[in-house]
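Novice: If you scroll down you'll find the structure; I have some questions about it.
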Amino acid sequence: MTTILGITFPIYAMLGLGYLVVWKGIFDKRDIRALGAFVFNLALPGLIFTTLAQRDPVEVFQAGYVLPYLIGGLINIVVTYVMFTLRGFDPMRRAIGVMGSTCPNNGFVGYPVMLLVFPEIAGVVLTLNLVVETLILIPICLMLMEASASNSTLPLPVRLRRIIWNVLKMPAMIALMAGAVVALLHLPLPAPFFRFTDMLAASAGAVALIVIGGSLAGLPLRGNKSLALQATLGKLLLHPALVAAVAGLFTLTGVLTISPEIRAALILSAAMPMFATYVIFAQARGHEGAASLATLAATVLAFFTLNGLLWLLI
């Protein structure tokens, strides 16, 4: 257990430091937003590009990782959709709950954890997670929200096309496509350029955790507690359980060969708390209170669930 705490303590110490510097007024919310923009627009894209461009694409895009993570995430969307429906939530709150239960924070929290647990594959795991989440899981959740919105003057197909376009022009997606092109065409980029992207990548982990910790300071603690609780349990318990079940089924049937290291990375990735912009998406729909409660609760409780999973898996 001491070894496990040695992995999670630096993560939560950095989160606590981010919370502290905002609570004490050393940084304010604008500073945290600026740091978040740096990570989102520069550091993580640099990490994704350097991971893809310097590896064989076959080595990166592993079916043994992508398929269980994708299928587990899709099943989680269906199961949580049904659960929120049975609980009587209206369509918009149901969509907010499904997003919170499904979309993990692998860019800002998951990558630093992987960097400590599996440093050799941390960059690959982040890239594969972002491919599945950014191209499929998050757009599906956004489409559920758009389909639930009754106050938009634009037709639903137009709104859905905007979602797809906004995803494709994200810096992380541009870096992913650029890195894939360099790798597939074996373009000979100079070593100093990769040192530049490596420097950006190296800054991602610590700054991302400061951003998450700082963003938790001052979150509103009023909202739909029932919605927040169900989203938290869905994110921390149901999602990793479903991904683990899918990975186990693939292994038992011999469809895919999944190493213990990849299996652990799959489950841990699904067990991360909600992604960084969850509250922002919910705020646009008037449900930031429940999203804030869920984000805060999931981030705090993840200390215990992640420690437990690390103890079981490592």
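The values are calculated or read from the model by the stated rules, or taken from the named source; none is laboratory data. Since the model is a prediction, treat every value here as computed from it, not as a measurement. In this analysis, Cβ positions are derived from the backbone assuming ideal geometry, glycine residues included, and neighbour counts consider all displayed protein chains.
Novice: Name the residues in the range 213-260 that are surrounded by 15 or more Cβ atoms within 10 Å (Cβ to Cβ), polar (S, T, N, Q) and part of a loop (DSSP other than H, G, I, E, B), would you?
Specialist: Scanning the range 213-260 gives a single hit, N224.
Per-residue answers, yes or no, for (1) under 24 Å from F118 (Cα atoms); (2) at pLDDT 85 or above; (3) surrounded by 20 or more Cβ atoms within 10 Å (Cβ to Cβ):
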site: I11; (1), (2), (3): yes, yes, yes
site: D28; (1), (2), (3): no, yes, no
site: A37; (1), (2), (3): no, yes, no
site: T50; (1), (2), (3): yes, yes, yes
site: P57; (1), (2), (3): yes, no, no
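Novice: Determine, yes or no, whether L67 is closer than 24 Å to A276 by Cβ and in contact (Cβ under 8 Å) with a residue 24 or more places away in the chain.
Specialist: no
Novice: P119 is checked against (1) surrounded by fewer than 20 Cβ atoms within 10 Å (Cβ to Cβ); (2) in contact (Cβ under 8 Å) with a residue 24 or more places away in the chain; (3) of a type outside the set (D, E) and fails just one. What number does that condition carry?
Specialist: Of (1) surrounded by fewer than 20 Cβ atoms within 10 Å (Cβ to Cβ); (2) in contact (Cβ under 8 Å) with a residue 24 or more places away in the chain; (3) of a type outside the set (D, E), only one is false for P119: (2).
Novice: Testing L17 on (1) modelled with pLDDT under 90; (2) part of a helix (DSSP H, G or I), one condition comes back false. Which one is that?
Specialist: (1)
Novice: Among the residues of the range 254-292 satisfying the criterion of being free of Cβ contacts under 8 Å to residues at least 12 places away in the same chain and polar (S, T, N, Q), which is nearest to P91 (Cα to Cα)?
Specialist: If we take residues in the range 254-292 being free of Cβ contacts under 8 Å to residues at least 12 places away in the same chain and polar (S, T, N, Q), then Q283 is nearest to P91 (Cα to Cα).
Novice: Something else about it: When you go through (1) within 21 Å of T85 (Cβ to Cβ); (2) small (G, A, S); (3) in contact (Cβ under 8 Å) with a residue 60 or more places away in the chain one by one for A245, which number turns out not to apply?
Specialist: (1)
Novice: For the range 95-127, how many residues are part of a helix (DSSP H, G or I) and under 18 Å from A208 (Cβ atoms)?
Specialist: Matching residues across the range 95-127 total 18.
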